[in-house]
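Notes for the one structure printed next.
The values are calculated or read from the model by the stated rules, or taken from the named source; none is laboratory data. Owing to the predicted nature of the structure, the values given are computational and were not obtained by experimental measurement. Here the Cβ positions follow ideal geometry from the backbone for every residue, glycine too, while neighbour counts run over all protein chains shown.
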Amino acid sequence: MLMKGNARVAVVAGFLISLTLVGLLFIAPLDDASHALRKLGNPFKHAPSATVTQVFGDATWTAISGTATPKPAQDDHDAGDDNDEEDVDDDQVWHPAGHLPAAQQKASDEAMALEHIRLATNTSLRRNGTFFPIVFPGQRSYNPNIIPHPSHEDTYIIVAQRDKRDDDELIFYSALFCEAMFFDGELICIKPPLILPIQSTTTDACEGSKWEEAREWIGPHDTRIFYGVHGHPYAMFSSQAEHHCFGEWLQRLDRLMPWLPGPSTYTNDSFFRATDLKRPPPFGAMEKNWFVFWDRNNQSYLHYDVFPSRTFAKLDRDGSVGEDLSHLALSDAQCLSDYMPSVNPATNLEWIHQSTNSLAVTFCNRTDPTCRPSANNTRLFTLFQHKSFYGHGVYEPYIMVFSQEAPFSVYGISSKPLWFEGRGEAGGAWSEGTWRPDDQSQLLFVVSMNWRRQGAGYHGFLDDELFVSFGVEDQASGGAAVVVGDLLAELSLCE
């Protein structure tokens, strides 16, 4: 429950301290919660029954996670199933480390030789600059999101997919959420994590597709949370839809969790209820990773594809959309041809996907008194990923910047992929004791990005800090805090 000012009280009950302090009731003003919890030594510290050790930079983090298996699980990202066009046979996918066919080994080695833009996390949050673990005590999670809390300072809302590896059944899916703070280099819940109450959906659109089993799944996949214009928070998630076996849905996040005091029952608000989002035809059976963007007049659009060409359309409040507008961006074809990362046609095991939500950035510093947002200096950006699967999934993230005014032409694309410090290097110790190949880098699947600054909403400046959150090998959650100017530092410009 949220309360005002110094009257707000955080009740932190049932903290686990090395499994010995059970039932401890600690009550303190929320403004003092950080100091009090630090004195307790991170009372939600992990107490896993089964663990695997992963390397987070120079530090070793023992996560609540499953034990290593001799063959990778075919889960959301590892098996090449991110959307409908990825149809990978088992004999293409699974090869033990060091036993790839020659063409695949060559392509994998070339991918590992890429030069990167190296990005360190703010050392005030993580002393060695590596990315930080995101922890839901008592639960395994992956593919996380971080947004600043609407009213509590130094507090964040985190949401992630609940890991099902220990479940007895295979069809129930859910997203976890909690309020979280930083302690000893980790972003950790300060209250027990709960299930985000996203409605389940059904469809007949799975019949006859390779995704027919997805008809039986219950609950959301790939939930993303983000702020839009006017400071409104949103949740976008994948679930069964009218025209797709799995499609995208959008709902106001403040309808799903405690938010600011006051009513949230204005049923005329856009996306008050979970809304089935549409796309211009053709329809894929499995549609994922769409994102919303807003123009300078706060009109919303949906962006569906970045490769081999873009697809986007005007979005109405009932989820319907207009025609594909991408043909109006006349300069895009040449820009994408020049600057998009290449996809190896010989192996059929590389793809390019959309990944995160969008944000608006003004290309000058907030601290500069002459900096004023305008049509000339403010643009939109999103993060997309180049994916390869040579026995193991590897994702390389890139930034795409585009205009906030029609026809929304691409302005620039990262000249190199981004590397978040702490990611396991090819040949590093991160894969020891697992089935994962030691000649490939660690899988980081970037999910979302949001301004760290409370109240920033959709728009920021080059010197503002950004949270980038990602799944780690489909079994853990991590994040980085970077200055957006560093993220955008090496763009190949289309104009």
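Output the residues belonging to segment 203-236 that are at pLDDT 95 or above, in a loop (DSSP other than H, G, I, E, B) and under 30 Å from Asn297 (Cα atoms).
Of everything in segment 203-236, just one residue is at pLDDT 95 or above, in a loop (DSSP other than H, G, I, E, B) and under 30 Å from Asn297 (Cα atoms), namely Gly228.
Any chance you could count how many residues in segment 299-326 are of a type outside the set (Gly, Ala, Ser) and in a loop (DSSP other than H, G, I, E, B)?
Within segment 299-326, residues that are of a type outside the set (Gly, Ala, Ser) and in a loop (DSSP other than H, G, I, E, B) number 11.
From Ile188, Ile146, grab the single residue that is within 20 Å of Tyr227 (Cβ to Cβ), in contact with a strand residue (DSSP E or B) (Cβ under 7 Å, 6 or more places away or on another chain) and of a type outside the set (D, E, K, R).
The conditions single out Ile146.
Sort out for me the strands (runs of 3 or more DSSP E) sitting completely within segment 382-495 that have 1 or more residues that are among the polar types (S, T, N, Q) and at pLDDT 95 or above.
The strands (runs of 3 or more DSSP E) meeting that bar are 393-403, 410-414, 444-451, 465-472, 476-483, 491-493.
What tally of residues in segment 113-123 results from selecting those that are of a type in the set (A, V, I, L, M) and either more than 24 Å from Ala489 (Cβ to Cβ) or surrounded by 15 or more Cβ atoms within 10 Å (Cβ to Cβ) (or both)?
Number of matching residues: 3.
Considering segment 317-332 alone, what residues qualify as being of a type outside the set (S, T, N, Q) and surrounded by fewer than 15 Cβ atoms within 10 Å (Cβ to Cβ)?
Across segment 317-332, the qualifying residues are Arg317, Asp318, Gly322, Glu323, His327, Leu328, Leu330.
Checking the conditions here, which among Thr356, Thr347, Thr367 is under 23 Å from the mean Cα position of the chain (by Cα) and in a loop (DSSP other than H, G, I, E, B)?
Result: Thr356 is the single residue among Thr356, Thr347, Thr367 that is under 23 Å from the mean Cα position of the chain (by Cα) and in a loop (DSSP other than H, G, I, E, B).
Hey, can you tell me all the residues within segment 352-369 that are surrounded by fewer than 19 Cβ atoms within 10 Å (Cβ to Cβ) and under 13 Å from Val446 (Cβ atoms)?
none
Return the total of residues in segment 150-169 being small (Gly, Ala, Ser) and either assigned to a loop (DSSP other than H, G, I, E, B) or more than 18 Å from the chain's Cα centre (by Cα) (or both).
Residues in segment 150-169 being small (Gly, Ala, Ser) and either assigned to a loop (DSSP other than H, G, I, E, B) or more than 18 Å from the chain's Cα centre (by Cα) (or both): 1 in total.
Residue pairs, Cβ under 8 Å, 6 or more apart or interchain, first in segment 396-409 and at positive phi, second crowded, with 18+ Cβ neighbours inside 10 Å. List them.
Pairs found: Phe408/Phe293; Phe408/Tyr301; Phe408/Phe312; Phe408/Leu325; Phe408/Ala329; Phe408/Leu380; Phe408/Phe402.
Output yes when any residue across segment 471-483 is in contact with a Ser or Thr (Cβ under 9 Å, 6 or more places away or on another chain), more than 25 Å from Asp222 (Cα to Cα), among the β-branched types (Val, Ile, Thr) and assigned by TED's automatic domain parsing to the domain that holds Trp290, and no when none is.
no
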